[in-house]
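**Student:** Dumping the structure here so I can ask a few things about it.
The values are calculated or read from the model by the stated rules, or taken from the named source; none is laboratory data. Here the structure is a predicted model, which means the values were calculated and not measured. So basically every Cβ, Gly included, is an ideal-geometry build from the backbone, and we count neighbours across all protein chains shown. These accessible areas exclude ligands, DNA and RNA; they are computed on the full protein's heavy atoms, side chains included. Shrake-Rupley method; radii C 1.70, N 1.55, O 1.52, S 1.80 Å.
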Amino acid sequence: MSTTGSSYGHPVSASRRLLARVRDVMSGAAGALPAEQRLQQVVQIIAADMVAEVCSAYVRRAGDQLELFATQGLKPSAVHATRLYFGEGIIGDIAASARPFALSDAQEHPNFAYRPETGEEVYHSMMGVPVLRGGRVVGVLAVQNRTRRQYAEEEVETLQTVAMVLAELIGGGELIDQRELQPGGGQAARPLRVEGLELNGGLGIGTAVLHLPKVQVDRLVAEDPDEELSRLHAAFKSMHGELDNLLESEALAAGGEHRDVLETYRLIADDAGWLTRIEDAIGSGLTAEAAVQRVQNDIRARMGQVSDPYLRERIADLDDLAYRLIGHLVGPNGEAATEALPEKAVLIARNMGPAQLLDYDPELLVGLVLEEGSPTSHVAIIARALDIPVVGHARDVLSTIDAGDTVVVDASHGHVYLRPSADILSAFEAGLRSFQQEKERYAELRDQPAQTLDGIDVDLHINAGLMIDMPNLERSGAKGVGLFRTEVAFMARSKFLGVDEQTELYTQVLDGADGRSVVFRTLDIGGDKVLPHWGGADGENPAMGWRAIRVSLDRPALLRQQVRGMIRAAAGRELRVMFPMIAEVAEFKAARELLDKEWQRESDRGNPLPESLAVGAMLEVPSLAFQMPALLNVADFIAVGSNDLGQFLFAHDRGDPRLAGRYDMLSPIVLKFFKSVVEQCDAADVPVSLCGEMAGRPLEAMALVGVGFRRMSMAATAVGRVKAVIRSVDTAELAEYIDGLLDSPEHTIRDHLEAYAGKHDISI
Ligand code: PEP
Ligand code: MG
């Protein structure tokens, strides 16, 4: 590789010379001058160096505007007077597209916006580049010439390189308030409501903390390009070594998502085009780290507009890789400063892993907002266990928010309010206060029975999936764990759990429950619950595909190992197991047979057995309801999984945002279905519970009691509010009221139930 590192010869040294002169202005004697004067000097140097009559620097202001801050050649009176919106004129086009423009006759361009105050009518050709900082446009740098001249590609590159130096000047905070420049700065003054998806309900108000990998590139201009090239090559080599080590690590040997991600990384890292572009940028006078950053700015600016999720993921991969490479050049790859959280922090991230969330002090986190994430993503699962409100699918939130902004996370409604106005903020603060008062009230209810006004006991259980959920049992005062989602532990590991590991886990869960009952649900993988080591969801419609009990029956060793672990863990205690997604009695019988075989096997070996065994079926597929009598003969208990049942009753994909809110679980159809199920279970004396999300919502919980449920399982955080509802209803009266509505052809009876609750002073 030659030191020019580029397809052109002379312009490289020209670019380096210009860069060195600009750097002198920034750091030499002139460095003491106010920033605006330094900017003025820089545009003069550029104009002279590039033999242009005009050189102008525009700086981004709030509201997506560009303000002329310095010019050589245009009328000085236009400085601070000329403003263009993003997309307005050629300057605005450069900013909006984040791409350079070079036009030999700018005035002919359809988007030319003539500004008489500038006196620019005499200049025909124009070349401009975006000034990028952290991938965001913070200004535009442009030169103009009187003649209709063609700008060479190398000149565009030179201007881009100088623009990097300007980015530091603009971002220094002296020219304008830095807040205007941070992500979302264009809208800094404006409050904004972003709609997302509830991943964990609740309300949090705090200060935005952006979870972004941070790298500090202090040295932009290099003295010796040869040295920079060898630094770059050394960094590439050690980065590759690191990737190879990761790929060879034992945990990844079985393949799966982690490995795919790293292999993709590896391919990108191997891309010769990427290296060449960085080498070219070094050729233009930048240090190796500045060159990586400059190329990454370019890539992000170019690809930032794409909406294709796959490509967006690739930008993220490249970002990660660029940070990694810069890390190898300048020292440790610093993640977001986890130690410096404000007292009430709302973490904003594109996405993150569970461990990254745990890096932050959970005591200081009042909310989490993700641009991606799904209800079953690991980070959502952990956040739920930590009682942190989470909104996911909050599109583009990172680019519309500033660190330090006030944020309201109204997770229960899937809304995020950025920079809320004073009245919105005080309304939410009042909401938060009453939320906290309610929490205290619920805490007081902890040791009170969940008993209705007419003396009926309703058993409240919690849903759990990890060991960190278990202390919630004691905290909430619930009777036990009504649903232990065993797949969660599998999702959190990088490899499949063997019998011994499972035995240990289930033992810990039972120990943690300290004598309270625990219902283990066998693996519900497939659908949206993808295991990293399982290859991933496939099929057109994974929710209705090869998942849950279907997988367990087709891979009997999986189920047998799992129940073996459970039998061993429950030795001398009660064992309760249930199977997910049972569609017909034959499936339940087949699964139970496998369990019985394992039981027999353990018994034959003389291993200690559980004291008792109860085996249940989850009612999540409507077909099973048509075999209730047969099912009730063989199942020891029934658990209605309303999340899945709801989607199958209405043929309604619960993950499709276009269908969100289309059907209501308080539809008379659903409630009538439930009532019939409960009646049949009661008649057969088989316990029935409901463990979907609706059990944790006060109005829904009231309706469930009204149709006869006496046992429910929910998120631990919901136990208090549901208990408060139960303690304020009269079941006989409520049941009669709901009965009268079950044959209604209405979409929902929600309004009626709300009115009923209001009239009877039921705290929903
Ligand atoms: C359900 O479907 O209601 C349920 C409890 O199971 P999961 O949410 O784990 O699918
Ligand atoms: Mg389910």
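**Student:** Please give the peptides 499-510, 714-725, 603-614, 457-468 ranked by average Cβ packing (other Cβ atoms within 10 Å per residue), highest first, as a rough proxy for protection.
**Tutor:** 714-725, 457-468, 499-510, 603-614
**Student:** Taking 35 Å as R0, compute the FRET efficiency from the Cβ-Cβ separation of Lys759 and Ala660 and round it to 0.05.
**Tutor:** 0.75
**Student:** Mind giving me the FRET efficiency for Ala557 and Gln508? R0 is 22 Å, r the Cβ-Cβ distance, nearest 0.05 is fine.
**Tutor:** Here the calculated transfer efficiency is 0.40.
**Student:** Now, a different point. Restricting things to alpha carbons, tell me how big region 445-759 is in terms of Rg and Dmax, in Å.
**Tutor:** My reading of the Cα-based Rg and Dmax gives 19.3, 62 Å.
**Student:** Right, something else. Provide the gained length on full extension for the span Asp224 to Asp105, in nm with one decimal, where the gain is 0.36 nm per separating residue minus the Cα-Cα distance.
**Tutor:** That works out to 39.1 nm of additional length.
**Student:** Another one. Please compute, for the alpha-carbon atoms of region 5-182, the extent along each of the three principal axes and give them in descending order in Å.
**Tutor:** Ordered largest first, region 5-182 gives principal extents of 41, 40, 29 Å.
**Student:** Additional query: From the phi angles alone, apply the Karplus equation (6.51, -1.76, 1.60; θ = phi - 60°) to region 52-66 and give each ³J(HN,Hα) in whole Hz, x where the residue is Gly or Pro.
**Tutor:** My calculation for region 52-66 gives 10, 6, 10, 9, 10, 10, 10, 10, 5, 10, 4, x, 6, 10, 10 Hz in order.
**Student:** Also: Please list Glu157, Glu279 from largest to smallest accessible area, probe radius 1.4 Å, with all protein chains kept in place.
**Tutor:** Solvent-accessible surface, decreasing: Glu157, Glu279.
**Student:** Could you compute the FRET efficiency for Ser603 and Ala651, with r as their C-beta to C-beta distance and R0 at 51 Å, rounded to 0.05?
**Tutor:** Rounded to the nearest 0.05, the efficiency is 0.70.
**Student:** Go through Glu108, Glu487 and list them by solvent-accessible area, largest first, probe radius 1.4 Å.
**Tutor:** Largest accessible area first, the residues go Glu108, Glu487.
**Student:** Now a separate question. What percent does the relative contact order of region 5-182 come to when contacts are Cα pairs within less than 8 Å and at least six residues apart?
**Tutor:** Relative contact order comes out at 21 percent.
**Student:** When all protein chains stay in place, what accessible area (Å², nearest 10, 1.4 Å probe) is found for Phe435?
**Tutor:** 70
**Student:** Using a 1.4 Å probe and counting only protein heavy atoms, arrange Leu329, Leu671 so the residue with the most accessible area comes first.
**Tutor:** Leu329, Leu671
**Student:** If you don't mind, another one. Suppose the chain between Lys344 and Ala234 were pulled fully straight at 0.36 nm per residue; how much longer would it get relative to their current alpha carbon spacing?
**Tutor:** Separation in residues times 0.36 nm, less the Cα-Cα distance, equals 35.4 nm.
**Student:** On to the next question. Could you compute Rg(Cα) / (2.2 N^0.38 Å) for region 23-85, with N its residue count?
**Tutor:** 1.15
**Student:** Separate question: Using a basic spin-label model with each label point 7 Å from the Cα along Cα→Cβ, how many nm lie between Leu33 and Asp271?
**Tutor:** 4.0
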